[in-house]
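Note sheet for the following structure.
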Amino acid sequence: MGPSLVIERFEFQRGGVWYARYFKGLVTFLVGHSKAGKSTAVEALLYPLGLTTATVMPEVRSCQYLRLVFRVAGVRWQATRSGSDPRARVSLKNLDDPRAIEHSLAVTSSKATEMTAGAFVQDLLGLSAAVRGTSRAGLDEFYTTVMALRQNTIAVNPLVS
């Protein structure tokens with residue numbers, strides 16, 4: 001297992017104003033009734049990392065920019081992505097090294113040699129893409145599968161003790 005990803009801060013820009021939400025603990029649970037926005041919150045955290053290319057929810061799409069400040073293996077990173085343009089590139093910056101170059105990475109790529117933002121984050125975490133034959137499954141496919149299962153599977157199959 002690779003290093004953990006610790007989210008420090010989530011920022012988003014709406015109407016030219018930046019808003020910030022801070023994560024103070026190592027574990028955060030999202031709870032609430034149906035349609036409370038739990039899925040939107042998870043999408044908003046994965047979106048600036050380039051880890052989701054699925055249809056973007058209106059609350060995320062209405063932001064001019066989304067930014068996530070996080071740590072991997074003690075190194076602080078910042079990921080920024082346009083909310084209004086799902087094809088926009090993701091900007092990833094190492095905040096601990098002022099000399100480090102800022103990476104501007106595509107969310108999806110048709111070139112096998114081009115690094116995507118999701119693949120970059122997966123590499124930071126020490127996760128390789130799952131491979132079966134010629135198909136590769138990254139975190140985006142995993143997220144899509146889990147989010148599709150969550151409503152039907154978790155809601156109707158309570159834990160049995």
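The values are calculated or read from the model by the stated rules, or taken from the named source; none is laboratory data. Here the structure is a predicted model, which is why all the values come from computation and not from measurement. SASA here: full protein model, heavy atoms, side chains in, ligands and nucleic acids out. Shrake-Rupley method; radii C 1.70, N 1.55, O 1.52, S 1.80 Å.
Counting only protein chain heavy atoms and rolling a 1.4 Å probe, the accessible areas of Leu5, Leu105, Leu68 rank, largest first, as Leu5, Leu105, Leu68.
For a straight C-alpha distance cut-off of 26 angstrom, the lysines reachable from Lys111 (same-chain residues fewer than eight places away being disregarded) are Lys93.
Fully extending the segment from Arg21 to Ala112 would add 29.2 nm, taking 0.36 nm per residue of separation and subtracting the current Cα-Cα distance.
Surface listing: Phe12, Phe70, Phe23 arranged by accessible area from highest to lowest gives Phe23, Phe12, Phe70, probe 1.4 Å. Note on region 52-121: Cα-Cα pairs beyond 17 Å make up 46% of the total pair count.
In a fully extended conformation the segment linking Ala73 and Lys38 would gain 9.9 nm over its present Cα-Cα distance, using 0.36 nm per residue.
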